[in-house]
Amino acid sequence: MSTTRVPQEERTRVMRARLLEATVELLVERGFGGTSTTLVSERAGVSRGAQLHHFPTKNALVVAAVEHLTEVRGAELARAAEALPVGERRTRAVLQMLGDHFTSPVFTAALELWVAARTDAALLEAVAPLEQRVGREVHRLTVELLGADESLPGVRELVQGTLDLVRGLGLANTITDDARRRERILDQWAEVLDTALTWENA
């Protein structure tokens with residue numbers, strides 16, 4: 001019995017992963033309105049019946065997809081954090097890492113859900129806790145990587161402002177390639193952070 005169960009579990013895992021990856025691709029390519037469960041099953045090469053068995057509604061599918069990719073991206077962020085330099089270029093490298101995160105496909109897909117959730121109560125109920133959890137984790141990681149002491153006045157707001165800045169730059173990038181302007185802004189903001197955090201810790 002166990003000899004057949006493991007392959008079946010593996011097939012199920014692979015099928016779910018294909019569905020989730022296809023959903024994210026379609027969210028990025030076509031937006032929330034242009035993503036349907038039929039298109040997802042076709043893109044993933046999975047039967048409609050199998051897709052509906054695991055994800056009975058479009059909302060369930062897109063939320064699971066973004067959660068899946070967020071976990072993958074979280075692991076990537078952790079690996080990127082391990083490779084960050086020490087010394088005077090560290091702050092700029094942290095900002096680059098965050099900038100890459102907020103211009104990635106997972107951010108674009110998540111943005112599609114935010115906009116759709118604004119007028120969809122059921123979707124909002126599913127998306128809000130996920131976004132809160134992701135936000136807390138990215139904030140915690142940013143504090144750790146910058147070596148920021150949030151017990152000092154103004155430091156927490158400085159970290160929050162940093163995340164708002166890179167998120168806004170990511171949003172601008174969804175309309176047009178904003179890489180050159182983003183680089184200049186992050187260069188300047190790294191200097192602001194280094195000065196502010198050095199002063200706060202003095």
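Worth a mention:
- Expected 222 nm ellipticity per residue - DSSP helices of 4 or more, -39500 (n - 2.57), all of the chain, to 500: -27000 deg cm²/dmol
- Ratio of Rg to Rh over region 128-202 (Cα coordinates, Kirkwood Rh, two decimals): 1.01
- Full extension of the segment from I175 to E71, taken as 0.36 nm per residue of separation minus the current Cα-Cα distance, would add 34.9 nm.
- You can think of it this way: the chain between D194 and E150 has 14.3 nm of extra reach, that is 0.36 nm per residue less the Cα-Cα gap.
- Residue with peak Gaussian network fluctuation, the chain [Cα springs, cutoff 10 Å], from G49, G87, G170: G87
- Peptides 56-68, 142-154 ranked from most to least packed give 56-68, 142-154, packing being the mean of other C-beta atoms within 10 angstrom over each peptide's residues.
- Computed over neighbours whose Cβ is under 12 Å from that of E191, the net charge equals 0, Lys and Arg +1, Asp and Glu -1.
- Using a simple spin-label model with pseudo-atoms 7 Å out from Cα toward Cβ, A81 and L130 lie 2.2 nm apart.
- The largest-to-smallest principal axis extents of the Cα set in region 1-112 are 56, 41, 18 Å.
- Placing R0 at 35 angstrom, the Cβ-Cβ distance between D100 and A121 gives a FRET efficiency of 0.60 after rounding to 0.05.
- Chain lengthening between V143 and R90 when straightened (0.36 nm per residue, less Cα-Cα): 17.8 nm
- Table column - 3J(HN,Hα) (Hz), region 89-103, Karplus curve with 6.51, -1.76, 1.60, x for Gly and Pro: 8, 5, 4, 5, 5, 4, 5, 5, 4, 5, x, 5, 4, 7, 10
- Highest-MSF residue in the chain out of T108, T35, T176 [GNM, Cα springs under 10 Å]: T176
- Rg and Dmax of the chain, both derived from C-alpha coordinates alone, stand at 19.7, 65 Å.
- Computing FRET efficiency as 1/(1 + (r/R0)^6) for Q8 and S36, where r is the C-beta to C-beta distance and R0 is 30 Å, gives about 0.60.
Where a number appears in this text, it was derived from the coordinates with a stated rule and is not lab data. From a predicted model like this one, the values you see are computed outputs, not experimental measurements. Using ideal geometry, Cβ is built from the backbone for each residue, glycine included, and neighbour counts are taken over all protein chains shown.
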